[in-house]
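Asker: Submitted below is the structure of interest, expressed as structure tokens.
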Amino acid sequence: LAARWCRAAEEMTTECREPLDLIRLSLDERIFVKCKGDRELRGKLHAYDQHLNMVLSDVEETITTIYKDEETEEEFTSTKRRQVEMLFVRGDCVILVAPPLRTT
């Protein structure tokens with residue numbers, strides 16, 4: 001009976017029945033977050049809530065800016081990167097969350 005209960009509990013924790021289950025399964029793993037304003041974050045997920053507010057650590061933030069020369073109509077892309085030890089991400093800026101790739 002105990003073995004069956006443990007197996008059932010294990011299945012419950014690894015199932016994806018709701019969208020936020022995918023986020024739950026990514027706790028303590030590195031994730032990719034695309035935000036409004038052409039910002040991208042890669043970091044270890046420590047906490048989240050139903051609004052997709054998240055706490056990330058060891059974050060690499062990438063900000064991409066596109067400039068347009070008004071005279072020549074030529075576009076230039078600028079990319080800035082920075083490292084942040086701990087970061088709170090407000091859920092209303094989140095566009096996409098990608099969990100780590102799983103091969104099993």
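Asker: Has the stretch 39-60 got any residue that is open to solvent by 50 Å² or more (accessible area, probe 1.4 Å), under 18 Å from residue 19 (Cα atoms) and assigned to a strand (DSSP E or B)?
Answerer: For the stretch 39-60, residues open to solvent by 50 Å² or more (accessible area, probe 1.4 Å), under 18 Å from residue 19 (Cα atoms) and assigned to a strand (DSSP E or B): present.
Asker: Answer with yes or no whether residue 20 is out of contact with any His (no Cβ under 9 Å at 6 or more places or on another chain), modelled with pLDDT of 95 or more and open to solvent by less than 100 Å² (accessible area, probe 1.4 Å).
Answerer: Against the criterion (out of contact with any His (no Cβ under 9 Å at 6 or more places or on another chain), modelled with pLDDT of 95 or more and open to solvent by less than 100 Å² (accessible area, probe 1.4 Å)), residue 20 does not qualify.
Asker: Spot the failing condition for residue 4; the list is (1) open to solvent by 90 Å² or more (accessible area, probe 1.4 Å); (2) at pLDDT 85 or above, and only one is missed.
Answerer: Looking at each condition in turn, residue 4 falls short on (2).
Asker: When the residues of the stretch 67-104 are narrowed to those that are free of Cβ contacts under 8 Å to residues at least 12 places away in the same chain and hydrophobic (A, V, I, L, M, F, W, C), which ends up farthest from residue 19 (Cα to Cα)?
Answerer: If we take residues in the stretch 67-104 being free of Cβ contacts under 8 Å to residues at least 12 places away in the same chain and hydrophobic (A, V, I, L, M, F, W, C), then 76 is farthest from residue 19 (Cα to Cα).
Asker: Right, something else. Run down 72, 77 and say which single residue is assigned to a strand (DSSP E or B) and modelled with pLDDT under 95.
Answerer: Unique residue meeting the criteria: 77.
Asker: Could you tell me whether any residue of the stretch 27-38 is on the phi > 0 side of the Ramachandran plot, part of a strand (DSSP E or B) and out of contact with any His (no Cβ under 8 Å at 6 or more places or on another chain)?
Answerer: Within the stretch 27-38 (the criterion being on the phi > 0 side of the Ramachandran plot, part of a strand (DSSP E or B) and out of contact with any His (no Cβ under 8 Å at 6 or more places or on another chain)), the answer is no, since none of the residues qualifies.
Asker: Let me ask you something else. Would you say residue 64 is modelled with pLDDT of 90 or more, among the β-branched types (Val, Ile, Thr) and more than 17 Å from residue 20 (Cβ to Cβ)?
Answerer: yes
The values are calculated or read from the model by the stated rules, or taken from the named source; none is laboratory data. In this text the structure is predicted, and so the values were computed from the model without any measurement. Glycine gets a Cβ as well: all are built from the backbone with ideal geometry, and neighbour counts include every protein chain shown. Ligands, DNA and RNA are stripped out before the accessible areas are found, and what is left, the full protein with its side chains, is counted by its heavy atoms. Shrake-Rupley method; radii C 1.70, N 1.55, O 1.52, S 1.80 Å.
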